[in-house]
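Have a look at the structure below, then the notes.
Please treat every number below as a calculation from the coordinates, not as lab data. Predicted model, so just to flag it, every value in this text is computed and none were measured. Virtual Cβ from ideal backbone geometry, glycine too; neighbours counted across all protein chains shown.
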Amino acid sequence: MNCAKNAPTTPQRLSKLSLESRNTFGLPAIAELAYEITDPNQLPSLMAGILKNDSPWRVLGGGSNVVLPNDLSGTTLLMNIAGREIIDRNDQFIKVAVGAGENWHDFVAWTLEKNLPGLENLALIPGTVGAAPIQNIGAYGSDVAEHLAFIEAFDSKEQAFVTLNKADCRFAYRDSHFKQSLGRYIVTKVVFNIAKVWVPRLTYADLAKEFSNNPSPAAKEIFTAVCRIRQSKLPDPKVIGNAGSFFQNPIVDSTFFSDLQLAHPNLVSYPDANGSRKLAAGWLIDQCGFKGYRFGPAGVYDKQALVLVNHGGADARDILSLADLIKQKVLERFGVELQIEPNIL
């Protein structure tokens, strides 16, 4: 994959572009001005003009983790940088470079086709490769951070290309340096370390149950199981608009958890680092009676309370009003403040 920063190219310019088909919620957003970014070389001159005019801007990948307003002023950069290739091998790892615009799930499937297991627990997560480290996506006992080697990005503050290693990214639960510095970096390429020694990861409850009689499944079997489990719990955005899990699982200290568990013996939680506990946000929301709840054209998915959906005709105001109502009720009942997972633009 050639992502060298040499001669600039001209990106396609689009005015008054509908983004309804470019966000998985299916919200009726209109971009005042948009550019299709297919090469990192397009960014320096384009960003120089945007920054000189002090114009608002943002990057949109697969649109799977955003809530878009009806009108997006300024410039929207549509991330479509493609490419995936093996770039290095050593005793421990195989390095794989991937363009930021590549579809995440398709990339995971490709690694298995190339006999590069390790990412199979992250199958079927919607969105692009470039967005994956920003959110530090994770599922079924794995997350992106543990597999990352380094990231190439355009730093709009310095107006230069930079390379950030894993430590630079400051990864945390569904968080990163990129998420904390929104509006600064444009990820152009992600390089992964795929371990040569592969061990199946089956600690997550659903997978442990799935393979209770098969402790040594192949990576493709895990991939297939993860896809099947996700499809049974989460709605297909092509059928009903959604952004997947809408709230983060809150992390609380052991003292608060003990008090909460005394009041709610059936509380669902998981151990977290440093003795704290991760609460199941979906369970908290479900206990407040929101599973299947309708709020005009918006609603809560009837199979998973963690997922907000667009039944048709919803806009950002509908989704966020419903989210505020859920947050209020969970705080009143459990004393826990939920954090929204998607980016609100």
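Please identify which residues in region 314-339 have an amide N closer than 13 Å to a label point set 7 Å out from the Cα of TYR173, following the Cα→Cβ vector. Counting only backbone N, you get 337-339. The local environment of SER181, defined by Cβ-Cβ distances under 14 Å, has a net charge of +1 under the rule Lys, Arg +1 and Asp, Glu -1. In this entry, region 1-117 is assigned a mean projected area of 8.8 nm², taken as a quarter of its C-alpha convex hull surface. Calculated FRET efficiency, ALA263 to GLU113, Cβ-Cβ distance, R0 = 41 Å: about 0.25 to the nearest 0.05. The reciprocal of the average 1/r between distinct C-alpha atoms defines the Kirkwood hydrodynamic radius, which for the chain equals 21.3 Å. Summing +1 for each Lys or Arg and -1 for each Asp or Glu among the other residues whose beta-carbon sits under 11 angstrom from that of VAL300 gives +1. Restricting the GluC sites (Glu not before Pro) of region 140-213 to loop positions (DSSP other than H, G, I, E, B) with no more than 12 neighbouring Cβ atoms within 10 Å leaves GLU158. Extension gain, VAL197 to LYS16, is 60.2 nm, computed as 0.36 nm per intervening residue step minus the present C-alpha separation. Entry note, region 12-79: relative contact order of 41 percent, from Cα contacts under 8 Å with a spacing of 6+ residues.
Kirkwood Rh over alpha-carbon pairs of region 12-79, then Stokes-Einstein at 20 °C and 1.002 mPa s: what D in µm² s⁻¹, rounded to an integer?
Diffusion coefficient, whole number: 176 µm²/s.
Our analysis of region 84-209 gives Rg over Rh at 0.96, with the two radii drawn from alpha carbon positions and Rh computed by the Kirkwood formula. The relative contact order of the chain comes to 15 percent, based on Cα pairs under 8 Å that sit 6 or more residues apart.
Among the listed pairs LYS157/LYS291; LYS179/LYS291; LYS114/LYS278; LYS189/LYS329; LYS189/LYS327; LYS114/LYS291, those with a Cα-Cα distance over 32 Å are LYS157/LYS291; LYS114/LYS278; LYS189/LYS329; LYS189/LYS327; LYS114/LYS291.
Using bins of 5 Å that start at zero, the share of Cα-Cα pairs per bin across region 241-344 amounts to 2, 13, 24, 24, 17, 10, 6, 3, 1, in whole %. If you take all other residues with their beta carbon under 14 Å from the beta carbon of ALA82, and give Lys and Arg +1 and Asp and Glu -1, the sum is -3.
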